[in-house]
Amino acid sequence: MCGIVGAVADRDVVPILLEGLRRLEYRGYDSAGVAILDESRSLQRVRAKGKVAGLEEKIAGGLHGRIGIAHTRWATHGVPSQENAHPHICENIVAIVHNGIIENHEALREQQSAAGYRFTSETDTEVIAHQIHNYLVRKGQDLLTAVKNAVMDFDGAYALGVISSEEPDHLVTARLGSPLVIGIGIGEYFIASDVAALLPVTQRFIFLEDGDIADIRRDSLTIFDASGKQVERPVRESELRADSVERGEYRHYMLKEIFEQPRAIADTLEGRIASGRVLEQAFGAGAEKIFDDVQGVHIIACGTSYHAGLIGRYWLESIVGIPCSVEVASEFRYRKPVVRNNSLIVTLSQSGETADTLAGLKEAKRLGFGHSLSICNVPESSLVRESDLVLLTRAGPEIGVASTKAFTTQLVALMLLVIVLGRRSGLSAENESRLVNELESLPGKVEHVLNLDKSIQEISEQFADIHNALFLGRGAQYPVAMEGALKLKEISYIHAEAYPAGELKHGPLALVDADMPVIAVAPNNELLEKLKSNLQEVRARGGKLIVFAGEDSEMQESEGVQVLEVASVEDAISPIIYTIPLQLLSYHVAVLKGTDVDQPRNLAKSVTVE
């Protein structure tokens, strides 16, 4: 995943491009670059390996122009380097930025090399610049036509921004499989991978659809669909504010987003509950009829969202009593799943642009699984547009690569779904009211758990020289343990695994010694006594235990056993509560280790390429 920003205006656009890159840096930080057309209509380019700050230092006020494109890169083809950084230029005439993957780049590279084009990078992207140049210069086409013809030669996914010294008054953009928005100003236009990049300059956006190509000038915008027909796309007003993506008083975005969870959960519930009941209309038009026909649920997701889906499976099968399958999206695409009649396809994604999840949804629809529901944080995303029903999580912008508030709000959304499906499977009004009351109490209970921050920070000091960790949970807490292990490895680079506590004797117990802490999630439920027995097995082998326990669990501290009381909560919502201390633990360990908390190495926020 990479970040694109571009602008055409009657003012210097370089500050706009740099600010856009700063706001898109969560999408990639291996390298960054800017290309502009200066007053003499010549292409000027500055690139730098590493983060946007390094690019800013190289520019240092020495680059100016009224039309330009910029890019922050997450490497796919070619190592992080200045040579592989975007924008890519062909013969100082065409400059392009690209998010996506051109799958047939090797064949195109051979053709272009034979035609005399010289390559200066290892990227798949450079073939795009040469292909457009071929149509523009060697075949004498205008820039818009050259881009239209070039994209027909590409297999794969792309979001493109293209400028040329041959036609210095306009910017051409195109998308297929990768997100791209157009921001509308007064006598100026902008493009970006994400609305967050453009919030300082506009609140009005057009979201391009797959196959769209746009010809953008200072005073006009023309959009063509995949068939080449001129179309109008709706203009949407964003509710986000420019300051909603600032860190404020927090040291890192991740910490800010952890502490935003009470508000995010409250916002996700707002307007979806009335008189102790979940409103089915919150899922979209026709939801009631669709839910009436549901005989099973098929969840498709990646990463943290996959863990949310696993918790949702426990809830759906135990509360609703209908079968639920949970698929890693990248695996679902390439196996041959058995189609169940009247399954509800539920896709989970923070960004709504995750390539594998999108492809999984399209494959499920092609196979005839049934209706689809997207649980997503971005209302204008591709996943939302592809789905029959939508429940937005309202977590707000999440900049930290390690997902926190997106995860907990996904769980809240899944519980709302569980309740409305449960009505059709015998869930009584009394039990629905009980679950709704628990959901409404969540913001306050999360606030209570966040008060443990100082204690968890002290516990984190034990991880200074640790290289491995084991997370344990039972029942719906096992996916919580998985999420805790993922968070720790993502941002602190400590190897961490999660296991169902009952599986200790089937292998993991061999790893236990005094040098590997074991973190256990232990709410007071019907599995607590069994979990206590499992933890005794760890202590008997000299393992050190850190237990996040319920206030009334009667877990006792002893030598090698630390117990931190979390809360006494209804078992159904306990996974939401117990994930919070694991987020804080991973955060403080990462700070202690001195890693880049918000932008961990080799990772990007949303995986928009395969």
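Some points to look at:
- The ellipsoid equivalent to the alpha-carbon distribution of segment 98-167 has semi-axes of 18, 15, 11 angstrom, derived from the gyration tensor eigenvalues as √(5λ) and listed largest first.
- Most simply put, the chain has about 60% antiparallel DSSP beta bridges, counting only bridges with both residues inside it.
- Residues LEU180, LEU221 ordered from highest to lowest accessible area at a 1.4 Å probe: LEU221, LEU180.
- 1.4 Å probe accessible area per residue over segment 261-310, in Å²: 40
- Fraction of accessible area attributable to carbon and sulfur, segment 168-274 (%, probe 1.4 Å): 45
- Under a 5 Å amide H cut-off, with hydrogens placed 1.01 Å from N, VAL561 pairs with LEU545 among residues at least 5 apart or on other chains.
- Global geometry of segment 213-316, whether rounded, prolate or oblate, following the gyration tensor of its Cα atoms and the 1.5 cut on a/c: oblate
- At the residue level, LYS544 shows approximately 110 square angstrom of accessible surface with a 1.4 angstrom probe and all protein chains present.
- Directionally averaged shadow of segment 283-437, computed from the convex hull of its alpha-carbon atoms, nm²: 8.5
- Rounded to 10°, Cα long-axis angle of helix 14-24 versus longest principal axis of the chain: 30
- Peptides 384-397, 433-446 ranked from most to least packed by the mean count of surrounding Cβ atoms within 10 Å: 384-397, 433-446.
- For the chain, convex hull volume per residue from C-alpha positions, Å³: 155
- Charge-dipole axis of the chain as Lys and Arg at +1 and Asp and Glu at -1 on Cβ define it, positive-most pick from CYS376, SER113, SER165: SER113
- Backbone phi angles across segment 344-355, fed through the Karplus curve with coefficients 6.51, -1.76 and 1.60 (θ = phi - 60°), yield HN-Hα couplings of 8, 7, 10, 9, 10, 6, 5, 7, x, 10, 4, 4 Hz in residue order; Gly and Pro are listed as x.
- Take the Cβ atoms of LYS336 and HIS495, set R0 to 41 Å, and the FRET efficiency comes out at 0.75.
- Of ASN342, ILE311, GLY321, farthest towards positive along the dipole that unit charges on Lys, Arg, Asp, Glu beta carbons give segment 306-355: ASN342
- Crossing angle, helix 105-114 versus the chain [Cα axis fit, 0-90 degrees, rounded to tens]: 20
- Under 17 Å from the Cα of LYS405 - lysines, other chains or at least 8 residues apart: LYS256, LYS445, LYS487, LYS605
- Atom-type composition of the exposed protein surface of segment 96-149 places 43 percent of the accessible area on carbon and sulfur (1.4 angstrom probe).
- Ratio Rg/Rh, restricted to segment 123-164 and using Cα atoms, in which Rh is the Kirkwood radius: 0.93
- Rounded to the nearest 20 debye, dipole of the chain from Cβ charges on Lys, Arg, Asp, Glu: 700
- Helix-only [θ]222 nm of the chain, DSSP H runs n ≥ 4, -39500 (n - 2.57) each, per residue, nearest 500: -10000 deg cm²/dmol
- Lysines with Cα under 16 Å of LYS229, excluding same-chain neighbours fewer than 8 positions away: LYS148
- Applying the Karplus relation 6.51 cos²θ - 1.76 cosθ + 1.60 with θ = phi - 60° to segment 454-470 yields 3J(HN,Hα) values of 5, 5, 5, 4, 5, 4, 4, 4, 5, 9, 4, 10, 8, 10, 9, 8, 10 Hz, where x marks Gly and Pro.
- Solvent-accessible area per residue for segment 139-179 (1.4 angstrom probe, square angstrom): 30
- Globularity ratio of segment 291-364, using Cα Rg and 2.2 N^0.38 Å: 1.04
- The equivalent ellipsoid that matches the C-alpha gyration tensor of segment 58-145 spans semi-axes of 22, 18, 11 angstrom, in descending order.
- Relative to one another, the C-alpha centroids of segment 2-37 and segment 420-489 are positioned 38 Å apart.
- Positive end of the dipole of segment 252-297 (Cβ unit charges, origin at the Cα centre): among PHE291, ALA266, LEU255, the Cα lying farthest that way belongs to LEU255.
- The residues neighbouring ALA174, those whose beta-carbon lies less than 12 Å from its own, together hold a net charge of -3 under the Lys/Arg +1, Asp/Glu -1 convention.
The values are calculated or read from the model by the stated rules, or taken from the named source; none is laboratory data. Just so you know, these numbers come straight off a predicted model, no measurement behind them. Virtual Cβ from ideal backbone geometry, glycine too; neighbours counted across all protein chains shown. Calculation scope for accessible area: heavy atoms of the full protein, side chains included, ligands and nucleic acids excluded. Shrake-Rupley method; radii C 1.70, N 1.55, O 1.52, S 1.80 Å.
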